[in-house]
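The values are calculated or read from the model by the stated rules, or taken from the named source; none is laboratory data. Computed from a predicted model, the values in this text were never measured in an experiment. Cβ: placed from backbone, ideal geometry, glycine included. Neighbour counts: every protein chain shown.
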Amino acid sequence: MEKELLLMLPGPVPIPERVRLAMARQAINHRSPEFGAVYADCVRVMKTAFGTANDLFIISGSGTAGMEAAVANIGRDKEIACIVNGKFGERLYKISQRYGKAHEVKSEWGTPVNLEALKAQLEAGAQVVTLVHNETSAGIKNPAEEIGKLCRKHDALFIMDGITSIAGDVVESDKWGVDIAITGSQKCFAAPAGLAMVSVSNRAWERLCKNPPYYLDLAAYRKSAGNKPMETPYTPAVPLFLAMREACLMIEEEGLPARIARHQKMSNAVQSAAKAWGLHLFPKIDKLHAFSSTVTAIEYPVGVKDDEMRGAIKKMGIVIAGGQDHLKGKIFRIGSMGAVSAPEILATLAAVQHALKKCGYTPKGDGVEAAAGVLG
């Protein structure tokens with residue numbers, strides 16, 4: 001029997017057994033009180049993770065469906081300032097180009113957001129701002145609260161991609177002035193891929209466009225969610241909802257503060273290992289930015305080839321991520337989101353340390369020991 005690989009990626013992440021088993025049951029009627037209760041359980045826990053009292057809906061589609069729903073419902077024909085310092089900021093920019101008049105507020109991947117350029121766009125009349133809170137392509141956490149303040153000052157709507165931070169890091173959508181927040185099931189929730197979750201503020205409802213997309217029409221989701229029992233407007237991915245409810249119950253049992261603290265501890269352990277090896281963390285942070293709490297991006301040492309190192313790690317039963325686009329071959333990334341804890345982190349770091357040596361790099365110190373000191 002082929003052994004399962006340990007996925008230490010920035011998503012998808014390992015799925016706990018009880019979450020997987022929730023999908024094994026017989027199908028249920030998605031217009032029934034039973035399904036309505038499942039949906040309601042998910043929304044209750046998610047509102048806590050989002051830090052919101054706003055309306056919240058689940059769309060059968062990936063996180064990108066949530067991104068498109070956000071932009072398409074409030075950004076059509078509007079001036080949109082898109083903050084880009086990584087791949088997923090670029091994705092929001094590309095989506096925005098299809099619906100509105102998009103302006104790229106760009107800085108190099110993994111470097112601080114260009115706040116002065118953003119201010120200039122807002123002063124020039126930008127009506128919507130998009131931001132990726134936790135940019136996994138570069139391992140950097142962006143200052144969502146600061147962006148929210150600028151949006152409020154200029155009366156602009158704020159779309160925040162929290163796909164890899166919500167349920168794994170502190171997110172306070174309402175306090176930060178987020179009008180639409182988005183996340184996905186296969187990241188910090190540790191559920192199967194295929195669901196996008198979107199919260200919508202009163203300000204966003206007041207400024208909905210007049211010609212929304214059909215499947216991603218947020219007003220349709222609001223209308224159906226108001227039914228008794230709670231429903232989705234179109235046939236949902238019922239097994240994924242059942243799995244998500246189980247994942248949400250696990251978050252509730254662990255307690256969100258404890259879960260966030262665990263994620264921070266795991267990422268601190270990976271960062272400590274990298275430093276012990278003598279490797280550089282990729283992001284360039286300042287007082288407003290931080291290293292990601294859910295994925296660590298590490299620069300390759302000279303002479304170590306991406307395919308060889310990650311190939312050696314995969315032979316040991318563990319999968320980590322490489323760099324994307326122009327960062328391919330320059331960085332590797334270790335995810336620490338979802339249900340992972342010390343055993344998975346230490347196993348991954350031991351495999352990476354061994355692979356580095358095998359690929360010709362001699363670590364300056366024992367990264368596994370350094371990580372164990374953080375985790376112990």
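From the list Arg76, Arg91, Arg31, which one is surrounded by fewer than 24 Cβ atoms within 10 Å (Cβ to Cβ), of a type in the set (Lys, Arg) and in a helix (DSSP H, G or I)?
That would be Arg91, the only listed residue that is surrounded by fewer than 24 Cβ atoms within 10 Å (Cβ to Cβ), of a type in the set (Lys, Arg) and in a helix (DSSP H, G or I).
With respect to being of a type in the set (D, E, K, R), at pLDDT 95 or above, on the phi < 0 side of the Ramachandran plot and not assigned by TED's automatic domain parsing to the domain that holds Phe88, Arg245 falls outside the description. Among the candidates Met266, Met230, Met250, Met244, the residue that is among the aliphatic types (A, V, I, L, M) and either free of Cβ contacts under 8 Å to residues at least 24 places away in the same chain or outside any helix (DSSP H, G or I) (or both) is uniquely Met230. The single condition among (1) among the acidic types (Asp, Glu); (2) over 23 Å from Gly323 (Cα atoms); (3) surrounded by 20 or more Cβ atoms within 10 Å (Cβ to Cβ) that Glu135 does not meet is (2). Of the candidates Ala70, Ala65, Ala81, the single residue that is within 30 Å of Phe282 (Cα to Cα), surrounded by fewer than 24 Cβ atoms within 10 Å (Cβ to Cβ), small (Gly, Ala, Ser) and assigned by TED's automatic domain parsing to the domain that holds Ile140 is Ala65.
Taking segment 244-269 as the range and being under 18 Å from the mean Cα position of the chain (by Cα) and hydrophobic (A, V, I, L, M, F, W, C) as the test, the residues that pass are Met244, Ala247, Cys248, Ile251, Leu256, Ile260, Ala261, Met266. Can you confirm whether segment 139-150 contains a residue that is of a type in the set (A, V, I, L, M, F, W, C) and within 14 Å of Phe282 (Cβ to Cβ)? Yes, segment 139-150 has at least one match.
If I filter segment 353-365 for residues that are under 30 Å from Ile251 (Cβ atoms) and free of Cβ contacts under 8 Å to residues at least 40 places away in the same chain, do I get at least one hit? Taking every residue of segment 353-365 in turn, none turns out to be under 30 Å from Ile251 (Cβ atoms) and free of Cβ contacts under 8 Å to residues at least 40 places away in the same chain.
Note on segment 308-326: among residues that are in contact with a strand residue (DSSP E or B) (Cβ under 8 Å, 6 or more places away or on another chain), hydrophobic (A, V, I, L, M, F, W, C) and in a helix (DSSP H, G or I), the one that is farthest from Leu346 (Cα to Cα) is Met309. Contact map, segment 95-113: residues that are not assigned by TED's automatic domain parsing to the domain that holds Thr296 paired with residues that are β-branched (Val, Ile, Thr) and not in a strand (DSSP E or B), Cβ distance under 6 Å, separation 6+ or inter-chain. Pairs shown: Ile95/Val71; Ser96/Val71; Tyr99/Val71. Applying the condition of being under 18 Å from the mean Cα position of the chain (by Cα) and acidic (Asp, Glu) to segment 109-146 and asking which residue is nearest to Thr183 (Cα to Cα) yields Glu135.
Can you confirm whether Gly226 is assigned by TED's automatic domain parsing to the domain that holds Glu145, at pLDDT 95 or above, of a type in the set (Gly, Ala, Ser) and surrounded by 22 or more Cβ atoms within 10 Å (Cβ to Cβ)?
The answer is no for Gly226.
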